[in-house]
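The values are calculated or read from the model by the stated rules, or taken from the named source; none is laboratory data. Predicted model, so just to flag it, every value in this text is computed and none were measured. Here the Cβ positions follow ideal geometry from the backbone for every residue, glycine too, while neighbour counts run over all protein chains shown. Note: accessible area is taken over every heavy atom of the protein model, side chains too, but ligands, DNA and RNA are not part of it. Shrake-Rupley method; radii C 1.70, N 1.55, O 1.52, S 1.80 Å.
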Amino acid sequence: MRAWGDCVIVITEKMKIRTDFDPLHNIDQMADLIGEVTGEPAAIVIDRLEQERLHPGRTVAEDFARHGGPRYLWGKHLEEFYNSTNAFIYELVIWNRNYLKAQMRRWTTRHMATQKRPLRVLSVGDGLGFDCLHLAHKKHDVTYFELAGVSERFARALFARSGLAIDMLTDPAAVPSEKFDAITCFDVLEHVPDPLAMVKTLASWLKPGGLLYVSAPFYMILPWYPTHLRANRRFSGSLELYAQAGLRLVGGQFTWYPIVVQKAGGDTAGRSHSASPLVRLSGLVQKAGRMFAWPFLPIHLLRRINNRKLGK
């Protein structure tokens with residue numbers, strides 16, 4: 001992770017939504033987008049995507065190894081790596097095309113639909129912007145929040161070509177306090193040096209009664225994920241991480257992809273206590289990840305199996 005950016009990018013003009021633009025299902029459109037951001041020819045882009053599809057995580061892992069520095073450890077080498085690599089584009093494109101990620105997006109928007117109204121949603125760490133795109137298509141008022149860099153530039157190009165007016169922020173000071181009905185934060189906390197501080201910040205941006213949708217595979221300290229921090233393993237299966245920020249479990253999927261926690265106050269109609277026992281049970285299993293990582297290797301293999309072929 002790099003230092004927080006200091007710029008704010010806001011898109012407010014009226015744009016025409018394109019129904020013919022769907023890069024997650026059109027590999028030529030995807031290659032064109034990636035090429036616009038990286039300057040790489042389409043043939044190289046598609047080859048790199050295919051290698052990442054066959055070997056998820058390898059693109060980042062190999063680039064990290066070339067860059068140098070210890071895996072799973074926060075430090076200057078990791079900050080420099082985030083600032084210099086474009087490998088995450090390839091990893092994130094394949095992950096966003098994955099059936100498991102698509103299912104998590106659909107589950108999240110179905111859960112949001114129980115609120116019976118469009119929500120003001122902040123998507124934190126969305127990277128390439130595909131979660132924002134999905135939420136915007138579901139008529140929610142979406143704000144994208146990400147560190148300035150190559151992923152943010154990709155998202156800006158994605159939104160512009162999609163014709164969707166999505167606010168973009170890269171400065172945490174520009175995020176209003178207690179203004180969002182919901183926040184999504186998927187696959188971010190395992191990368192940050194202080195997850196508790198970040199969760200408290202996320203809670204401060206929620207309205208009273210607001211919902212945080214979060215996934216964080218703290219247990220995935222495996223060679224394909226060198227930027228996951230070993231120090232964060234202590235949060236695997238932890239609900240205390242959220243309780244310390246004043247957030248209470250109200251639902252989620254058994255897999256924790258995602259769980260839903262809620263800020264006190266406001267309209268508490270989002271509570272779904274029937275899901276909580278199963279989520280808590282799964283958390284007990286994930287607590288093993290505080291000591292051991294290799295028992296979770298099947299999750300990595302499941303990710304590979306669920307990668308869609310580029311032509312689909």
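Collect the residues in the stretch 1-38 that are open to solvent by 80 Å² or more (accessible area, probe 1.4 Å), at pLDDT 90 or above and assigned to a loop (DSSP other than H, G, I, E, B), keeping them in residue-number order.
25
Scan the stretch 109-121 and report the pairs whose first residue is touching a residue at least 24 places away in the same chain (Cβ under 8 Å) and buried (at least 21 other Cβ atoms within 10 Å of the Cβ) and whose second residue is assigned to a loop (DSSP other than H, G, I, E, B) and among the aliphatic types (A, V, I, L, M), with Cβ atoms within less than 6 Å and a gap of 6+ or a chain change.
Every condition considered, the pairs that remain are 112/119.
So, residue 159, is that one under 16 Å from the mean Cα position of the chain (by Cα), open to solvent by less than 20 Å² (accessible area, probe 1.4 Å), within 24 Å of residue 31 (Cβ to Cβ) and touching a residue at least 24 places away in the same chain (Cβ under 8 Å) or not?
It is false that residue 159 is under 16 Å from the mean Cα position of the chain (by Cα), open to solvent by less than 20 Å² (accessible area, probe 1.4 Å), within 24 Å of residue 31 (Cβ to Cβ) and touching a residue at least 24 places away in the same chain (Cβ under 8 Å).
Out of all the residues in the stretch 39-55, which are within 23 Å of the chain's Cα centre (by Cα), open to solvent by 40 Å² or more (accessible area, probe 1.4 Å) and either more than 15 Å from residue 97 (Cα to Cα) or of a type in the set (Lys, Arg) (or both)?
Once the filter is applied, which keeps residues that are within 23 Å of the chain's Cα centre (by Cα), open to solvent by 40 Å² or more (accessible area, probe 1.4 Å) and either more than 15 Å from residue 97 (Cα to Cα) or of a type in the set (Lys, Arg) (or both), the stretch 39-55 yields only 48.
Please enumerate the residues belonging to the stretch 66-79 that are out of contact with any Phe, Trp or Tyr (no Cβ under 8 Å at 6 or more places or on another chain), farther than 17 Å from residue 222 by Cβ and open to solvent by less than 80 Å² (accessible area, probe 1.4 Å).
Selection gives 68, 75, 77, 79.
Which residue out of 165, 148, 173 is open to solvent by 10 Å² or more (accessible area, probe 1.4 Å), more than 22 Å from residue 82 (Cβ to Cβ) and modelled with pLDDT under 95?
It is 165.
Does the stretch 91-128 hold any residues that are of a type in the set (Gly, Ala, Ser) and out of contact with any Asp or Glu (no Cβ under 8 Å at 6 or more places or on another chain), and which are they?
Once the filter is applied, which keeps residues that are of a type in the set (Gly, Ala, Ser) and out of contact with any Asp or Glu (no Cβ under 8 Å at 6 or more places or on another chain), the stretch 91-128 yields 102, 113.
What are the residues in the stretch 281-297 that are under 21 Å from the mean Cα position of the chain (by Cα) and open to solvent by 30 Å² or more (accessible area, probe 1.4 Å), if any?
Correct list: 297 only.
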